[in-house]
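Laboratory data are not the source of any read-out in this text; all were calculated from the coordinates shown. Quantities reported herein were computed from a predicted structural model and do not represent experimental measurements. Every residue, glycine among them, receives a Cβ derived from its backbone with ideal geometry; neighbour counts consider all protein chains shown.
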Amino acid sequence: MAARIGKLLIANRGEIAVRIIRAARELGLRTVAACSDADRDSLAARMADEVVHIGPPQAAKSYLNVPALLEAMRTSGANAVHPGYGFLSENAAFAEAVEAAGHIFVGPTPHAIRIMGNKSLARETAARAGVPTVPGSDGVVSSTDEAVSVAAAIGYPVMIKASAGGGGRGIRVANDEAELRAQIVVAQAEAQAAFGDKAVYLERFIRRARHVEVQILGDGERVVHCYERECSLQRRRQKILEEAPSPALDTETRERLCASATALARQVGYRGAGTLEYLFDDETREFFFIEMNTRIQVEHPITEMITGIDLVREMIRIADGEPLSLRQEDIAIRGHAIECRINAEDPDRNFMPSPGTVSELFWPAGPGVRIDSMLYPGCAVPPFYDSLLAKVVAHAETRTAAIDRMRRALGELRVEGVRTTRLLHLSLLDEPRFHRAQFDTNFLEGWLASRQPPAATPR
Amino acid sequence: MALHEILSPLPGTFYRRPAPDAPMFKNDGDTVAVGDVIGLVEVMKQFNEVQADAAGRIVRFAAENESAVEPGQPLAVIET
């Protein structure tokens, strides 16, 4: 890759397109915003040096349209592309097509995307790197005695899962051998009835799991980590509020977790920014690798705040062929950062999406507050894409101070014209269990259900 | 015999199939009852069913599969 990046095409939209333009501009690069018809007046289109239209509003015809994006690179003369998150960011075929056209893909190699995007290959890679994954049976368990001996090795409680199930269906939990002996026969019969296949397998059941993820950067040879983020507060598997570092980890566990992430990334010669997701068992204090995201993530700013590293700039530098400038011993955690995702949704109406036009807008400011957003007064919020409007990030010396700062910032924030999740965040910031950091991945949905107003009496 | 238009309740993308490889919910000439699903409108990655608000026979669809639609835009015309 002798050619250096001259002009960067952004194959994305919304706040991440704006974020990438900012990093590219600081590096002195010219930027091209690839925009659908719905994003002609977007902030990214206004900020970029050039705009290329890539198709109709629907993502399948624009931001997911590989030929249109390659054509946009050709007509604009861009020789590199940043895919952002979502859309084509983890599409190995797109990365391959970009490289085949002689351009630079700001991200990992197509090979790394493919390996880490495949659940069983990723698990095998983790095993080779000595990184723990959720203990389970090696495929289907056929007899009760086999299940009992496998469960003894995995450790109780265990989940009995239907091979043909999915999405939480066909799962039973056994706390000890007696329960397993009783449950497995029932589970097999249920699997047969529900899915037409009685095959079941076993996996350790983690009663109270946290979602903790480690940010890494690699240049294809060296890998460093930028510590972890705690992302347990989720609704329907969508993160709502994230923080860094995780309040659940002690220093020794943190170092082991982060070392495992760099070992895994090294195993695939990782290039670019990546995130390794783990389940952390609050009861046993064990962590288990689940999957790797081979791209920049929505919540990257909290890592940037506590480490002082510009992750997006580093990604572009690495793609430009520069070796990693950071040494692990230079990366330290400074303070605590929280991110609240402000979405165009109405929390009082079951998170109904709220597209429209932003009539009034006032951003919080002052010490330790950062806003990543594509909003401006009068801008359209189209119905065709996700509902993320803004990421409000608060950084302070301690977790308590960061919570107070976030509360202050959200008090200043004003977005009119569309419904938002601002008030929901303010309630969450007042929740004592949040203050004590006593939560797992099930917490938020339970908390939301408990604060629902009582159903209206039927007339 | 009167013609009735089924309107999109929301802005977004209109789908005539529940999944890309699934058959159409309804085709021209099909009869529909009140409450039958004739399509989906995707708004910010959430999928909302569009139900027939009158019974009759579908004369034609006024919006194409996977096209962008506005609230109040006719999606299908039925003969009641």
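Backbone N atoms of the stretch A:17-46 closer than 19 Å to the 7 Å Cα→Cβ label point of A:Arg74 belong to residues A:32-35. The overall shape of the stretch A:261-304 is oblate: from the C-alpha gyration tensor, with semi-axes ordered a ≥ b ≥ c, the ratio a/c is 1.5 or greater and a/b is no larger than b/c.
Out of the stretch A:185-229, which trypsin sites (Lys or Arg not before Pro) are coil in DSSP terms and have no more than 14 other C-beta atoms within 10 Å? Loop-located and lightly packed - A:Arg207. Report note on the peptides B:38-44, A:139-145: ranked by the mean count of other C-beta atoms within 10 Å, highest first, their order is B:38-44, A:139-145. Helical content alone sets the calculated 222 nm signal of the protein assembly as shown at -8500 deg cm²/dmol, taking -39,500 (n - 2.57) per DSSP H segment of four or more residues and averaging over every residue.
Of all DSSP beta bridges in the protein assembly as shown, what percent run antiparallel (nearest 5)? Beta bridges within the protein assembly as shown, antiparallel portion: roughly 85 percent.
The value of relative contact order for the stretch A:368-459, using C-alpha pairs under 8 Å at least six residues apart, is 21 percent. Simple spin-label estimate for A:Ser149 and B:Arg60 gives 7.0 nm between the two label positions (7 Å along the Cα-to-Cβ direction from each Cα). The longest part of chain A holding none of the exposed loop GluC sites (Glu not before Pro), meaning those outside H, G, I, E and B in DSSP with at most 13 other Cβ atoms within 10 Å, is A:1-220. The ranking of A:His425, A:His111 from fewest to most other beta carbons within 10 Å of each one's beta carbon is A:His111, A:His425.
If R0 is 35 Å, the Cβ-Cβ spacing of A:Ala60 and A:Glu322 corresponds to a FRET efficiency of close to 0.50. Using Cβ point charges alone (K and R +1, D and E -1), the dipole size of the stretch A:7-106 about the Cα centre works out to roughly 220 debye. Net charge dipole, chain B: roughly 60 debye, given to the nearest 20, about the Cα centre with Cβ charges of +1 for Lys and Arg and -1 for Asp and Glu. Size descriptors for the protein assembly as shown, from the alpha-carbon set: Rg then Dmax equal 25.0, 80 Å. Given q = 0.18 Å⁻¹, what are the Debye log10 I(q)/I(0) values for the stretch A:344-459, with equal point scatterers placed on the Cα positions and solvent ignored? These q points yield log10 I(q)/I(0) values of -1.06.
Which Cα, out of A:Tyr201, A:Val158, A:Gly170, lies furthest along the positive dipole direction of the stretch A:135-204 (beta carbon charges, K/R +1, D/E -1)? Of the options given, the answer is A:Gly170. Fewest-first ordering of B:Lys45, B:Lys26, A:Lys161 by other beta carbons within 10 Å of each residue's beta carbon gives B:Lys45, B:Lys26, A:Lys161. Note on chain B: with a GNM built from Cα contacts shorter than 10 Å, the maximum mean-square fluctuation among B:Val50, B:Val34, B:Val59 falls on B:Val34. The dipole here belongs to chain A: it is taken about the Cα centre, uses +1 on the Cβ of Lys and Arg and -1 on the Cβ of Asp and Glu, and is about 740 debye. Taking the square roots of five times each eigenvalue of the Cα gyration tensor of the stretch A:257-345, the equivalent ellipsoid has semi-axes of 22, 19, 15 Å, listed largest first. Across the cross-link table entries A:Lys61/A:Lys119; A:Lys239/A:Lys391; A:Lys61/B:Lys45; A:Lys61/A:Lys239, which are compared at the Cα atoms, the separations over 18 Å belong to A:Lys61/A:Lys119; A:Lys61/A:Lys239.
Across B:Ala63, B:Ala19, B:Ala33, mean-square fluctuation computed from a Gaussian network of chain B (C-alpha pairs under 10 Å connected) peaks at B:Ala19. The mean number of Cβ atoms from other chains found within 10 Å of a Cβ in peptide B:38-49 is 4, as a whole number.
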